[in-house]
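The values are calculated or read from the model by the stated rules, or taken from the named source; none is laboratory data. On a predicted model such as this, the values are computed, not experimentally measured, just so you know. Cβ atoms come from the backbone with ideal geometry, glycine included; neighbour counts cover every protein chain shown. Only protein heavy atoms, including side chains, enter the accessible area calculation; ligands, DNA and RNA are left aside. Shrake-Rupley method; radii C 1.70, N 1.55, O 1.52, S 1.80 Å.
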Amino acid sequence: QVQLVESGGGLVQAGGSLRLSCAASGSIFKISIMGWYRQAPGKQRELVATITSSGSTNYGDSVKGRFTISRDNAKKTVYLHMDSLKPEDTAVYFCYANILQYTDSTWINYWGKGTLVTVSS
């Protein structure tokens, strides 16, 4: 069964940097898009960044120029490098991946449980 496990969240001062990781495991044949969403209390979940298997990226407007998404296909891992962090970046960050399993013919989105990033001022 597919699992996505995030790591790297924590406390950081405004202006600082942090790197999140998300590793996919299970009966995985292929992964197309991987990405990150975030959700702050009382707010809707929003796109942070996505990356295709070939390296094409897409960023949310609020993080463009500050965050960088990357992936290691061999490790089935996606990363989010966060620079120049702001208090408004504080949120739970969720990893997702669009995955085709060996025993399935359907591409399915899977989600991690989230990792908390808190940016202090």
- With respect to ASN58, determine if the residue is farther than 18 Å from VAL117 by Cα, free of Cβ contacts under 8 Å to residues at least 60 places away in the same chain, open to solvent by 40 Å² or more (accessible area, probe 1.4 Å) and touching a Leu at 6+ places or on another chain (Cβ under 9 Å). yes
- Matching option when the condition is among the small types (Gly, Ala, Ser), outside any strand (DSSP E or B) and under 18 Å from SER120 (Cβ atoms), among GLY15, GLY42: GLY15
- Message: Quick check on segment 63-74. Is at least one of its residues of a type in the set (Gly, Ala, Ser) and touching a helix residue (DSSP H, G or I) at 6+ places or on another chain (Cβ under 8 Å)?
- Response: no
- Item | Residue list for segment 66-107, filter: free of Cβ contacts under 8 Å to residues at least 40 places away in the same chain, open to solvent by 20 Å² or more (accessible area, probe 1.4 Å) and within 19 Å of SER54 (Cα to Cα) | THR68, SER70, ARG71, ASP72, ALA74
- Task: Kindly list the number of the only condition in (1) open to solvent by less than 50 Å² (accessible area, probe 1.4 Å); (2) outside any strand (DSSP E or B); (3) under 20 Å from TRP111 (Cα atoms) that fails for SER53.
- Result: (1)
